[in-house]
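Engineer: Here you go, one structure.
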Amino acid sequence: MREQAWQRFRSSGRQRGGRRRAVLVAATVALGVMTLGVLAPPPASAAARPDTVQQGLNALVRTDGLPAALAGVNDREGRTRTYTAGVGDLATEARVPADGQVRIGSNTKTFTAVVVLQLVGEGKIGLDATVDTYLPGVVRGKGIDGRRISVRQLLQHTSGLPEYEDRVVDGILQHRYFEPRDLLDIAFQRKAEFSPGTEWAYSNTNYVVAGLIVQKVTGRPLAEEVDRRVIKRIGLRHTYFPAPGDMTIREPHPTGYHRDSADAPPRDVTEIDPSAGWAAGQMISTNSDLNRFFTGLLTGRLLPAAQLKQMRTTVPVGDTGVGYGLGLMSRPLSCGGVYWGHGGDIPGYETRGGATDDGRAAAVAVTSIPTDGAATQHLDGVVDAALCR
């Protein structure tokens, strides 16, 4: 989230304006494997060739000025290789922990969407039911009416709900705890972006509402449902939804940094209260767990076939070639086909990645949100290189 007010706290992925319109969405494409393993040593001829993934990470550090970069790549056979570049802490020059934990921003949206779609499959939520069916009177404002917005439109960002994130300033973000209803109060000070179902515009507010629906239907905290229905179901050992008040990262992790401008010094923002992200961006994970998650999702380990099909039914994201489904994005590969994922930004960390239908997966994280679009394109390029090698 890298905007003026919130210093662009974008648990969503990169957006450049306060009002989310489809023409701005190329920059919102933040794409979120198997258990971590070690590849056998490559043949001498292969070892002599430069590794494009390592080269890409090195460039992110040396050319784009990011403190550290981490990657995890799975091939079709499920073998995994991990990569690092840079330093894990600028002050101590500590090594970057291989497969270290990072804040994953809007990858959280895919976890939330999976829980909603599981409840759809169980007959507890109707995908085309209105928000008011579950949260009567909660979603109201200037041109905003929960009686006219469906659950599907929340998950696909076609509801027209306005954004809240750019109204939460950076200093508040780092230390303040927000209740989900606080975030809605901020969002609903604005008018609706458009009539439900008529356009596409990324808004974190959609997923705050979706998380509240999960809690209303299940009678349990969203974090508990994510843990039970997703994390434990597929064995994500390094992934969790931080508890209220938890500003730390539990396991080995690189330090996260933030720059107020391109020429400003980096400052340590590793410890923040992530509640401003909640169902839209609060979670912590590792590259290997993200790969396991997206691979497991695509292979049907988390959703029935009918709900997975709905999740993968996309609308165009402008003219970028990217499609947005129900908490899941498709993005074209330079070598042909697409990969599916999400990803996101949150102060200190940016993540990209996803998985293909034939079992390839890649996740890349850096320890500062890039301050220019070129660096983000380079980050996306590392994912493409990893999946196309």
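Engineer: Specify whether the C-alpha gyration tensor of region 100-218 places it in the rounded, prolate or oblate class, a ≥ b ≥ c being the square roots of the eigenvalues: rounded for a/c under 1.5, otherwise prolate if a/b is larger than b/c and oblate if not. Each step should come with its number before you reach the end.
Structural biologist: On the way: a/c = 1.68, a/b = 1.16, b/c = 1.44.
Verdict is oblate for region 100-218.
Engineer: Quick one: putting +1 on the C-beta of Lys and Arg, -1 on the C-beta of Asp and Glu, what dipole do you get for region 49-110 around its Cα centre, in Debye to the nearest 20? Could the numbers behind the result be given before it?
Structural biologist: Working: 8 positive and 7 negative charges, 36 e Å.
Computed charge dipole of region 49-110: roughly 180 debye.
Engineer: Provide the per residue accessible area, probe 1.4 Å, for the chain, rounded to a whole number of square angstrom. All intermediate terms of the calculation are to be shown ahead of the outcome.
Structural biologist: Numbers: 14260 Å² over 389 residues.
The answer is 37 Å² per residue.
Engineer: Using a 7 Å offset from the Cα along the Cα-to-Cβ direction at both D128 and A98, what is the distance between the two label points in nm, to one decimal?
Structural biologist: 5.1
Engineer: Hey, what's the Cα Rg ratio for the chain versus the globular rule of thumb, 2.2 N^0.38 Å? Could you put the intermediate results ahead of the total?
Structural biologist: Values: Rg = 19.3 Å, N = 389, 2.2 N^0.38 = 21.2 Å.
The chain yields a ratio of 0.91.
Engineer: Okay, moving on. Between region 172-239 and region 107-129, what's the alpha-carbon centroid distance in Å?
Structural biologist: 12
Engineer: Using DSSP to define loop residues, name the GluC sites (Glu not before Pro) in region 194-276 whose beta-carbon has at most 16 other beta-carbon atoms within 10 Å.
Structural biologist: Details: sites: E199, E224, E225, E271; in loops: E199, E271.
When the GluC sites (Glu not before Pro) of region 194-276 are filtered for loop state and at most 16 Cβ neighbours within 10 Å, E199, E271 remain.
Engineer: Among Q310, Q156, F241, whose Cα sits farthest toward the positive end of the charge dipole of the chain (+1 at Cβ of Lys/Arg, -1 at Cβ of Asp/Glu, about the Cα centre)?
Structural biologist: Of the options given, the answer is Q310.
Engineer: Where does the chain land at 222 nm, in deg cm²/dmol rounded to the nearest 500, when only DSSP H runs of n ≥ 4 count, each adding -39500 (n - 2.57), divided by all residues? Working shown, then result.
Structural biologist: Details: 12 runs with 109 residues, N = 389.
After summing the helix terms and dividing by the residues of the chain, the value is -8000 deg cm²/dmol.
Engineer: Tabulate in residue order the Karplus-calculated ³J(HN,Hα) for region 154-166, using 6.51 cos²θ - 1.76 cosθ + 1.60 with θ = phi - 60°, rounded to whole Hz; enter x for Gly and Pro.
Structural biologist: For region 154-166, the Karplus-derived couplings read 4, 5, 9, 6, 10, 7, x, 5, x, 7, 10, 5, 6 Hz, x marking Gly and Pro.
Engineer: Using a 1.4 Å probe over the heavy atoms of the protein chains, calculate the carbon and sulfur portion of the accessible area of region 46-127 as a whole percent.
Structural biologist: 47
Engineer: Here is a follow-up. Would you calculate the separation in nanometres between label points at T63 and A91, each defined as 7 Å from the Cα along the Cα-to-beta-carbon direction?
Structural biologist: With each label placed 7 Å out from Cα toward Cβ, I get 3.2 nm.
Engineer: Among L135, A280, A68, whose Cα projects farthest towards the positive end of the dipole of the chain, with charges put on the beta-carbon of Lys, Arg (+1) and Asp, Glu (-1)?
Structural biologist: Checked the options; the winner is L135.
Engineer: Considering the alpha-carbon set of region 152-209 alone, what are its Rg and its Dmax in angstrom?
Structural biologist: When restricted to Cα atoms, region 152-209 yields Rg and Dmax of 11.8, 37 Å.
Engineer: Calculate the dipole size of region 175-289 relative to its Cα centre from +1 charges on Lys and Arg beta carbons and -1 charges on Asp and Glu beta carbons; express the result in debye to the nearest 20.
Structural biologist: The dipole magnitude comes to about 440 debye.
Engineer: Let me ask another. Could you give me the percent of Cα pairs per 10 Å distance bin for region 228-338, shortest bin first, beginning at zero and ending with the bin that holds the maximum distance?
Structural biologist: Calculated P(r), rounded to whole percents: 11, 30, 33, 22, 3.
Engineer: Which one of T80, G219, F293 is farthest out on the positive end of the charge dipole of the chain, using unit charges on Cβ (Lys, Arg +1; Asp, Glu -1) and the Cα centre as origin?
Structural biologist: Positive-end residue among those listed: G219.
Engineer: Magnitude of the Cβ-charge dipole of the chain, K/R +1 and D/E -1, about the Cα centre, nearest 20 debye? Mind showing how you got there, number by number?
Structural biologist: On the way: 45 positive and 40 negative charges, 182 e Å.
Here the chain has a charge dipole of around 880 debye.
Engineer: OK, next. What aspartates and glutamates could a cross-link reach from K124, if we take a straight Cα to Cα line under 16 Å and drop same-chain neighbours fewer than 8 places away?
Structural biologist: D132, E225
Engineer: Say each of K142 and E224 gets a label point 7 Å from the Cα, pointing the same way as Cα to Cβ; how far apart are those two points in nm?
Structural biologist: About 3.8 nm separates the two model spin labels.
Engineer: Per residue of region 136-151, what does 6.51 cos²θ - 1.76 cosθ + 1.60 with θ = phi - 60° give for ³J(HN,Hα)? Whole Hz please, x for Gly and Pro, Karplus curve as stated.
Structural biologist: x, x, 6, 9, 9, x, 6, x, 10, 8, x, 7, 10, 10, 9, 4
Engineer: How large is the Rg to Rh ratio of region 164-287 when both quantities use alpha carbon positions and Rh follows Kirkwood?
Structural biologist: 0.99
The values are calculated or read from the model by the stated rules, or taken from the named source; none is laboratory data. No experiment lies behind these values; they were computed from the predicted model shown. Note that each Cβ is placed from the backbone with ideal geometry, even for glycine, and that neighbours are counted across all protein chains shown. For the accessible areas, the whole protein counts, side chains as well, though only heavy atoms, and no ligand, DNA or RNA atoms are used. Shrake-Rupley method; radii C 1.70, N 1.55, O 1.52, S 1.80 Å.
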